[in-house]
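The values are calculated or read from the model by the stated rules, or taken from the named source; none is laboratory data. Predicted model only: the values in this text are computed from it and were never measured. So basically every Cβ, Gly included, is an ideal-geometry build from the backbone, and we count neighbours across all protein chains shown. For accessibility, only protein heavy atoms count, side chains too; no ligands or nucleic acids. Shrake-Rupley method; radii C 1.70, N 1.55, O 1.52, S 1.80 Å.
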Amino acid sequence: MKFAKHFLFVALTLLSIAAQAEKITIAAASDLKFAMDEIITGFKQANPDDQIDVAYGSSGNFNTQIQQGAPFDLFFSADIGLPRELVKNGLAASEVKPYALGRIVLWSASMDATKMTMASLNDPSITRIAIANPKHAPYGKRAEEALRASGLWEQVESKLVFGENIVQTTQFVQTGNAQVGIIALSLAGNPELSQKGGYWLIPDNLHEPLEQGFIISKRAENNALAKRFAEHMSSADVRAVMTKYGFVLPGEAVAH
């Protein structure tokens, strides 16, 4: 009888722990790779029993996947218009929360990009330029806008190499498959990349704002961890991480 009581106590304790430990899966735009990894690490230090999985990719592809029923609990998009579309279609359990403005830069692993401008891309010695695919990647759309605004699109279009998302675009430059790329400041500012060829900040008046936002998906309507993580995104710790990686926070002035 004593053993049975002990077994029941252990079983109930394990069930209690299991009930407290929650799980979410996040779909995040690739520009968040370094920042989100750090944010999740910090969150898990205070919530060690919770499980957070994250997939990085292009916002456009994630938007399509969520509409098709993909099992994501939160969606962080580099284009705030995409989660707004999900809200409109009844696929979100929250309003859209703006979290940052992104910036684009010229970055190279082999050349001194700090001395470049948009006009440098027309140099005959530069034969391959990496940008994210404008069809579904917000950073690719902004790269195309900046090239068109600079009067360079037609001149450099034959040089362009398209990445599936902004991380793959960056990898093209890292591996030498492109000499220079138009990538996210949040990636170029990472110590691993910034120690190489450097970057040049593209003026924000050459493209539409990269306003970014997130939602809790309809799937996570009753997921307490999803709601806690969403609230955590407004914390001072998260704001410090986002600023560290070059994101402009809502309400802050854009540096030129």
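Below, the figures for the structure above:
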| read-out | value |
| --- | --- |
| Cα gyration tensor, region 119-189 - rounded (a/c under 1.5), prolate or oblate | oblate |
| Selected from 110, 122, 86, residue furthest toward positive end of dipole (region 79-157; charges at beta carbon) | 86 |
| Solvent-accessible area, 1.4 Å probe, carbon plus sulfur percent, for the chain | 54 |
| By accessible area with a 1.4 Å probe, ligands and nucleic acids excluded, highest first: order of 41, 25 | 41, 25 |
| DSSP H segments from the chain that extend 15 Å or more along their own axis, Cα-based, with Kyte-Doolittle mean of 0.5 or above | 2-20 |
| Relative pair counts by distance (%), Cα atoms of region 145-256, 10 Å bins | 11, 33, 33, 18, 5, 0 |
| Listed residues 167, 238 arranged by accessible area, highest first, probe 1.4 Å | 167, 238 |
| Heavy-atom accessible area order for 54, 248, largest first, 1.4 Å probe | 54, 248 |
| Helix-only CD estimate at 222 nm, as mean residue ellipticity for the chain, using -39500 (n - 2.57) per DSSP H run (n ≥ 4) | -11000 deg cm²/dmol |
| For region 79-127, average projected area of the Cα convex hull in nm² | 5.9 |
| Rounded to the nearest 20 debye, dipole of the chain from Cβ charges on Lys, Arg, Asp, Glu | 520 |
| Signed unit charges on C-beta, dipole axis of region 146-256, positive-most listed residue 248, 173, 224 | 224 |
| Distant alpha-carbon pairs in region 25-76 (separation over 14 angstrom), percent | 51 |
| Per residue accessible area of the chain, 1.4 Å probe, in Å² | 48 |
| Orientation-averaged projected area, Cα convex hull of the chain (nm²) | 16.2 |
| Residue of 163, 246, 90 that the Gaussian network model of the chain assigns the largest fluctuation, springs spanning Cα pairs under 10 Å | 90 |
| Sites residue 49 and residue 175 - FRET efficiency at Förster radius 35 Å, r taken between beta-carbons, to 0.05 | 0.35 |
